[in-house]
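Please read the structure below before turning to the comments.
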Amino acid sequence: MKILSVVGTRPNFMKVAPIIKALDRKRPLFQHTLVHTGQHYDERMSASFFEDLKMPKPDFELGVGSGSHAQQTAAVMTKIEPVLLGIMPDLVIVVGDVNSTLACALTARKLNLTVAHVEAGLRSFDMTMPEEINRLCTDTISDILFTTDVLANENLYREGAAKDKVHFVGNVMIDSLLSQIKVAERLAFHNTLGVQPGSYATLTLHRPSNVDDATKLTEIIDTISAAMPDILVVFPIHPRTRKRVDEFGLTGRFTDSPAKPGIFLVEPLGYLEFLSLNQRARLVLTDSGGLQEETTILGIPCVTLRENTERPITVTDGTNRLAGTTRSGIMSAIKEALSSKTGSARHPEKWDGHAAERIVDVIVEQFLQL
Ligand code: UD1
């Protein structure tokens, strides 16, 4: 059976890595092709993840790079079409909710190829988020929908998905986390910064709605600094955010040394470095989706700097708090999170390190009828 899977951006790599490993364990059954669209291309946003996650080199690199949504989506579609036509895979696997996900699903379906979407059914119900549009469109056209939790199943059923298309398999991102947790522990990356375990927070921020507006970005940065005057906040800065910080003249708002409290900028970190840092953090502040899930499993309090989340199970069954993006919301969420205990998370069902195996079991059952 020929399977082609697609990666494009940083949060895709840790979702596809365990699927490749699970397919590999049944090697004679599958011939796997990996396509990298090149939506993310910096060494620190892409190549380093292949090393950390021990992923094979992509068979095809489309090199699409950055651009407007239309440009990027169109470039992926144009470049993946000949690859799909050349291979004609029995199944195309797409993950997550980025532009590369939608572009590849759409192109494959129009060639009448079978498409599986991993991480289907997540909904923020916020149509101003580009990812929400990508999720809705990808789920609507996919043939197989692999979900991370039962709330996602309910979303899909409500939208009319046939029950036999939906498979609750668990969370592949957590497969990667659990397989690397010991390696990350040994790395003890906090030592590189010279900080004590439990004494610092980490921050990620890259959503256009938070970083593309000067007033909003300034307010978020100033509020975090004011809410934690004695705590170091390590901020591996996404290239999009770095550009905005420079453009808006905000560089003076950061501390110049990890020995002083305040927000300390570092380059984007590798998978293992950041996992290692988060394992020993007092608190994680983020507007990313994946970190809400990872902190839930690590048992580290998470403050999500957004008005909504497509991952509500991390709030009900995990360590996540939705802060919103106003000064008062962020202040009170940080205060609550700092007074909560670490290590007290409940694990959502099937976030157990075996999601990719369940995906492969479904594929075997549906395509190979063994
Ligand atoms: C994309 C995803 C988002 C995901 C995020 C993870 C979409 C719509 N957005 O957002 O869902 O959470 O990835 O990081 O697909 N850039 C670089 N080097 C890189 C990549 C990007 O400098 O390797 C800069 C470019 O200026 C680019 C900007 O970052 O224009 C934004 O990159 P893009 O891929 O468009 O979106 P992200 O913000 O990364």
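The values are calculated or read from the model by the stated rules, or taken from the named source; none is laboratory data. Remember, predicted model here, so these are calculated numbers, not experimental data. Every residue, glycine among them, receives a Cβ derived from its backbone with ideal geometry; neighbour counts consider all protein chains shown. Side chains included, ligands, DNA and RNA excluded: accessible areas come from the protein's heavy atoms. Shrake-Rupley method; radii C 1.70, N 1.55, O 1.52, S 1.80 Å.
Could you tell me whether any residue of the range 226-237 is within 25 Å of the chain's Cα centre (by Cα), open to solvent by 50 Å² or more (accessible area, probe 1.4 Å) and away from the ligand (no atom under 16 Å from the Cβ)? No: zero hits.
For the range 74-82, state whether one or more residues are acidic (Asp, Glu), more than 18 Å from the chain's Cα centre (by Cα) and more than 16 Å from the ligand (Cβ to nearest atom). Checked the range 74-82: at least one residue is acidic (Asp, Glu), more than 18 Å from the chain's Cα centre (by Cα) and more than 16 Å from the ligand (Cβ to nearest atom). When the range 51-73 is limited to residues that are more than 10 Å from the ligand (Cβ to nearest atom) and among the aliphatic types (A, V, I, L, M), the one that is nearest to GLN180 (Cα to Cα) turns out to be LEU53. Looking across the range 185-216 at every residue that is in contact with a Leu (Cβ under 7 Å, 6 or more places away or on another chain) and part of a helix (DSSP H, G or I), the one that is surrounded by the most Cβ atoms within 10 Å (Cβ to Cβ) is identified as VAL211. When each of ASN153, ASN112 is tested for being more than 17 Å from the chain's Cα centre (by Cα), buried (at least 19 other Cβ atoms within 10 Å of the Cβ), at pLDDT 95 or above and away from the ligand (no atom under 16 Å from the Cβ), the lone residue that passes is ASN153. Residue-level check: of (1) open to solvent by 10 Å² or more (accessible area, probe 1.4 Å); (2) on the phi > 0 side of the Ramachandran plot; (3) free of Cβ contacts under 8 Å to residues at least 60 places away in the same chain, THR73 misses just (2). Apart from one condition, ASN308 fits all of (1) surrounded by fewer than 19 Cβ atoms within 10 Å (Cβ to Cβ); (2) away from the ligand (no atom under 16 Å from the Cβ); the exception is (2). Number of residues in the range 26-50 that are in contact (Cβ under 8 Å) with a residue 40 or more places away in the chain, charged (D, E, K, R) and more than 16 Å from the ligand (Cβ to nearest atom) equals 1.
Taking (1) touching a Gly at 6+ places or on another chain (Cβ under 9 Å); (2) closer than 26 Å to ASN210 by Cα in turn, ALA355 satisfies each apart from (2). Taking the conditions exactly as written (within 16 Å of the ligand (Cβ to nearest atom) and in contact with a strand residue (DSSP E or B) (Cβ under 9 Å, 6 or more places away or on another chain)), does ASP256 satisfy them or not? For ASP256, the condition - within 16 Å of the ligand (Cβ to nearest atom) and in contact with a strand residue (DSSP E or B) (Cβ under 9 Å, 6 or more places away or on another chain) - is not met. So for the range 316-337 (the condition being under 23 Å from MET14 (Cα atoms), assigned to a helix (DSSP H, G or I) and more than 15 Å from the chain's Cα centre (by Cα)), does at least one residue qualify? Within the range 316-337, not a single residue is under 23 Å from MET14 (Cα atoms), assigned to a helix (DSSP H, G or I) and more than 15 Å from the chain's Cα centre (by Cα). Of the numbered criteria (1) open to solvent by less than 20 Å² (accessible area, probe 1.4 Å); (2) in contact with a Phe, Trp or Tyr (Cβ under 9 Å, 6 or more places away or on another chain), the one LYS163 fails is (1). Checking GLY343, GLY353 one by one, the residue that is assigned to a loop (DSSP other than H, G, I, E, B), within 23 Å of ARG280 (Cα to Cα) and at pLDDT below 95 is GLY343 and no other. ILE19 meets each of the listed conditions (1) open to solvent by 60 Å² or more (accessible area, probe 1.4 Å); (2) more than 16 Å from the ligand (Cβ to nearest atom) apart from (1). Candidates in the range 83-109 are the residues that are of a type in the set (Val, Ile, Thr) and touching a helix residue (DSSP H, G or I) at 6+ places or on another chain (Cβ under 6 Å); of these, the one that is nearest to the ligand (Cβ to nearest atom) is THR101.
Restricting the search to the range 115-150, which residues are open to solvent by 40 Å² or more (accessible area, probe 1.4 Å), in contact (Cβ under 8 Å) with a residue 60 or more places away in the chain and part of a helix (DSSP H, G or I)? Within the range 115-150, just VAL150 meets the criteria. Among the residues of the range 279-294, not one is assigned to a helix (DSSP H, G or I), buried (at least 24 other Cβ atoms within 10 Å of the Cβ) and away from the ligand (no atom under 16 Å from the Cβ).
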